[in-house]
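The values are calculated or read from the model by the stated rules, or taken from the named source; none is laboratory data. On a predicted model such as this, the values are computed, not experimentally measured, just so you know. Here the Cβ is made from the backbone with ideal geometry for all residues, glycine too, and neighbour counts use every protein chain on show.
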Amino acid sequence: MSRSQATIVFIEIILILAGAVLLIWGERIFQGNYEKDILSEKVTALKAKIDEYQTHDPEQRYVKEFLAVEGEYNDLKLLYVDKKYKETLSGYTDLLEKLENLKNEVDKYYVEASMNKQKEDLKKEMELKEKARLDEEKRKAEAAKAEAAKKLADLQKKQSTTTEKTVSPSTEKTYTYEPLKKQTETQTTETKTEVPPAVTAPAADNSKKIDINNAGSEELQKLPRIGPVMAQRIIDYRTQNGGFKNVEELVEVSGIGEKTLASLKPLVYCGTYGGGTAAPTAAPAPVSVAKKININTASYEELQEIPKIGPKLAQNIMDYRDAHGGFKKLEELMEVPRIGEATYETIKPYVTLGE
């Protein structure tokens, strides 16, 4: 080989080696710039990720933790600026892991808080429904109670109206027999004294009195304690029994007791039944003491000849003697319904046991 050829070969080898060196050096420079750019993007993206993850903490319960992360991020930027890329990359990896763990902790808390809130809301909803149910039951119970009270009031009103048609307003309760109270000593003494033979009562001035045997309903209602119902009862009684034989017979009318009779006696008299008020007559004379009535054998009509004994009391006497096998003593008359001590003392001189 000639010297010129050797020189050419040497030069070519040098060029090849120089090219190789330049190639290797260029690749290193390029690779370093690439890694630097990638790291810069990661560091920059990390800040955006920190800001994004903070939005997962709406109640700002993890402010302290996120401030610590941002502090570490600022330190990471300083490493990058100082071109400590390896430390920057290592710090980036650690900080990213820490940030992810913090996000998971935040998310876990709010998931549990959301579930607890849902449970609480469900509990409150159930409580409200239960309260609404109880309130509805209470309302229905009160409505049922009010309806029952209304029905009871309507029923009582209806019964009251029905009773008013059959019972005098002044005598709403059913008559119950009670023995009359004892009269004063003077009255008792006078009653027990020997009764003289019956005589016809002197004629009285009846011009201002009402004839209970002929007066109409309106006229009877002028009397004290006599309403429309009681007036009709008086008319029905006299129609069924052929008139009143004496004023005392008024006690036979349902609803008229001794007190009512006492208030009526000065205001009424017995006229001839069916003869009108123009022909007033005095009360019939009582049976003579000499002609006593045997209460154990007397008929229905004979019993009514006794003073103060009308059709109803006569029937009561007959019912009592039938039920008890007759009267054993006169005092038993006070056990007959509607015969009290005062009535007994009045009729005692006119009755006998047939001894």
Identity of the residue in region 301-355, part of a helix (DSSP H, G or I) and among the aromatic types (Phe, Trp, Tyr), that ends up farthest from the chain's Cα centre (by Cα): Tyr350
Failed item, numbered, when Ala18 is tested on (1) surrounded by 10 or more Cβ atoms within 10 Å (Cβ to Cβ); (2) modelled with pLDDT of 85 or more; (3) aliphatic (A, V, I, L, M): (2)
Conditions (1) at pLDDT below 90; (2) touching a strand residue (DSSP E or B) at 6+ places or on another chain (Cβ under 6 Å): number failed by Ile212: (1)
Any hit, region 109-120, residues being out of contact with any Cys (no Cβ under 7 Å at 6 or more places or on another chain), touching a residue at least 40 places away in the same chain (Cβ under 8 Å) and under 14 Å from Leu46 (Cα atoms): no
Residue in region 308-321 that is exposed (fewer than 14 other Cβ atoms within 10 Å of the Cβ), at pLDDT 90 or above and more than 19 Å from Asn206 (Cα to Cα) present: yes
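Working carefully through the options Leu122, Leu95, find the one that is surrounded by 11 or more Cβ atoms within 10 Å (Cβ to Cβ) and hydrophobic (A, V, I, L, M, F, W, C).
Sole residue among the options that is surrounded by 11 or more Cβ atoms within 10 Å (Cβ to Cβ) and hydrophobic (A, V, I, L, M, F, W, C): Leu95.
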Yes/no for Glu331 being surrounded by fewer than 15 Cβ atoms within 10 Å (Cβ to Cβ) and either touching a Pro at 6+ places or on another chain (Cβ under 7 Å) or modelled with pLDDT of 90 or more (or both): yes
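Yes or no, residue by residue, for (1) of a type in the set (S, T, N, Q); (2) part of a loop (DSSP other than H, G, I, E, B); (3) surrounded by 15 or more Cβ atoms within 10 Å (Cβ to Cβ):
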position: Leu223; (1), (2), (3): no, yes, yes
position: Val229; (1), (2), (3): no, no, yes
position: Arg233; (1), (2), (3): no, no, yes
position: Leu250; (1), (2), (3): no, no, yes
position: Gly255; (1), (2), (3): no, yes, yes
position: Ala262; (1), (2), (3): no, no, no
Residue in region 273-292 that is modelled with pLDDT of 90 or more and among the polar types (S, T, N, Q) present: no
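Residues are listed down the side, and each one gets a yes or a no for (1) modelled with pLDDT under 90; (2) within 20 Å of Ala231 (Cα to Cα):
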site	(1), (2)
Leu134	no, no
Ala144	no, no
Tyr175	yes, yes
Thr184	yes, no
Thr191	yes, no
Ala198	yes, no
Ala203	yes, no
Filtered residues of region 43-71 (kept if over 14 Å from Glu100 (Cα atoms) and buried (at least 16 other Cβ atoms within 10 Å of the Cβ)): Val43
Selection within region 231-258 - over 18 Å from Ile306 (Cα atoms), modelled with pLDDT under 90 and within 45 Å of the chain's Cα centre (by Cα): Ser254, Gly255, Gly257
Qualifying position, being in contact with a Pro (Cβ under 9 Å, 6 or more places away or on another chain) and not aliphatic (A, V, I, L, M), among Tyr73, Tyr85, Tyr110, Tyr80: Tyr110
Output for region 64-108, where each listed residue is in contact (Cβ under 8 Å) with a residue 24 or more places away in the chain and not in a helix (DSSP H, G or I): none
Answer from Glu59, Glu52 - the residue that is within 60 Å of the chain's Cα centre (by Cα), among the acidic types (Asp, Glu) and either assigned to a loop (DSSP other than H, G, I, E, B) or modelled with pLDDT of 90 or more (or both): Glu59
